[in-house]
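The values are calculated or read from the model by the stated rules, or taken from the named source; none is laboratory data. Here the structure is a predicted model, which means the values were calculated and not measured. In this analysis, Cβ positions are derived from the backbone assuming ideal geometry, glycine residues included, and neighbour counts consider all displayed protein chains. Areas reflect the complete protein model, heavy atoms only, side chains present, ligands, DNA and RNA absent. Shrake-Rupley method; radii C 1.70, N 1.55, O 1.52, S 1.80 Å.
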Amino acid sequence: MSNSWQYPHRRWNPLRKSWVMVSPHRTQRPWQGEVAEKTLPAAIHHDPQCYLCPRNSRAGGAVNPDYKSVFAFVNDYAALLPELPSVEAPSATDPLLIGEAARGLCKVLCFHPDHSLTLARMTREEIRPVIDGWTQQYEELASLDWIQYVQVFENRGAMMGASNPHPHGQIWATGFVPDEPALEIEAQREHLHKTGKCLLCQYVEAERAAGERILFENDHFLALMPWWAVWPFEVMILSRRHLGALPELTSDERDALADILKRMTTRYDNLFETLFPYTMGLHQSPTDGQNHPEWHFHIHFYPPLLRSATVRKFMVGFEMLGMPQRDITPEAAADRLRNCSEVHFWPRE
């Protein structure tokens, strides 16, 4: 890599049409800020107090079935509601004071009945039903004519706001396209219009040619540290074939996605020998009734840890008021993740 990238510089993110500032020389600064606790796997397989374990009562009073694999249900404390009161919205007194009703469905998908597990500690065979569950939920929610987008995501760890350690994720289906995928639609559509080619297909080719940020790949997916990564160990997973959403995956591709998720999350945990926190989300084609030939299926991992299992990156100050900034270069972070083992540091009992 050019020595010029070892000094402060900006990198362009074509997927969001925005910049990120990189300051590699700051990695040596002393740290006297917040230090979190290292997190290790739960010691019990079934927690009688857990709202998500099989056979337990949830906070809203419903009782979970004795599920053996994945289990989906409508969130008891959903951020969005499928039905709203039929009352007339107040008219804005100023064109700058605009609002509208937000309609949606929020669901929870439990990944496994074992309370002690995470994706990293599950087997590929156990992760495959999770992918099938995501796919089923996407198809069911997309069939509702008022749903325009289905966001599948997981908040892993208390540091990322997870309120329960049981292995699970969420699925929010909205009557509108949220801001982040809307930005990606615009960028991908604009690139396709200008070049006749898929933005992320071309990006994969560019990363393969560079060879510095690809972590690993299999026959159908690859994991890489984006050129424009904001978070210290941010990762993207991209399909090698151009496709828009989970229902388009073949059975072999679903197995390959289970493999890539297993390997990626295991490397994360092994990096600092902790249950590595992150927000992970699938970005798929909108379900707004339009064709989206520009869209390329991908997954974002946004983890907060910076130097160790106990020191995290804060997005404050200049990041909030100016633009995102990172210290460690994506190339250095990619090298560290490439050197991590794919055998989990904490074996299952």
* To do: Over the chain, with every protein chain in place, what whole percent of the accessible area is carbon and sulfur at 1.4 Å, could you tell me?
  => 54
* So for the pair residue 214, residue 38, with labels modelled 7 Å out along Cα→Cβ, what separation do we get in nm? -> 3.4
* Structure fact -> Percent antiparallel among DSSP beta bridges confined to region 43-183, rounded to 5, stands at 95
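For Cα pairs less than 8 Å apart in space and 6+ apart in sequence, what is the mean separation divided by the residue count of region 132-225, i.e. the relative contact order in percent?
16
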* Identify which of 49, 137, 188 has the largest mean-square fluctuation in a Gaussian network model of the chain, with springs joining Cα atoms closer than 10 Å. => 49
* Asked: Looking at region 172-205, which GluC sites (Glu not before Pro) are in a loop (DSSP not H, G, I, E or B) and have at most 13 other Cβ atoms within 10 Å?
  -> none
* To do: Restricting attention to the chain, give the cysteines that have no other cysteine Cβ less than 4.7 angstrom from their Cβ.
  => 106, 110, 340
* At a probe size of 1.4 Å, how large is the accessible area of residue 107, to the nearest 10 Å²? -> 30
* Structure fact -> Here, residue 63 and residue 342, labelled 7 Å along Cα→Cβ, have an inter-label distance in nm of 4.3
* Structure fact -> Contact order relative to length for the chain, counting C-alpha pairs under 8 Å separated by 6 or more residues, stands in percent at 22
* Structure fact -> Between residue 195 and residue 139, the FRET efficiency computed from the C-beta separation at R0 = 25 Å comes out, to the nearest 0.05, as 0.20
* Asked: Hey, of (i) 59, 56, 44; (ii) 63, 45, 37; (iii) 51, 46, 38, which did the structure itself give for Cα extents along the principal axes in Å when calculated?
  -> (i)
* Got a number for the accessible area of residue 98? Probe 1.4 Å, square angstrom, nearest 10. -> 140
* Structure fact -> Comparing 266, 174, 195 in a Gaussian network model of the chain (Cα, 10 Å), the one with the largest mean-square fluctuation is 195
* Pick out which of 79, 245, 42 has the largest mean-square fluctuation in a Gaussian network model of the chain, springs linking Cα atoms closer than 10 Å. => 79
* **Of the chymotrypsin sites (Phe, Trp or Tyr not before Pro) in region 276-349, those whose Cβ has at most 12 other Cβ within 10 Å and which sit in DSSP loop** => 314
* Where labels lie 7 Å past Cα in the beta-carbon direction, separation of residue 97 and residue 179 in nm -> 2.1
* For an R0 of 22 angstrom, estimate the FRET efficiency from the Cβ-Cβ distance between residue 79 and residue 320 and round to the nearest 0.05. => 0.45
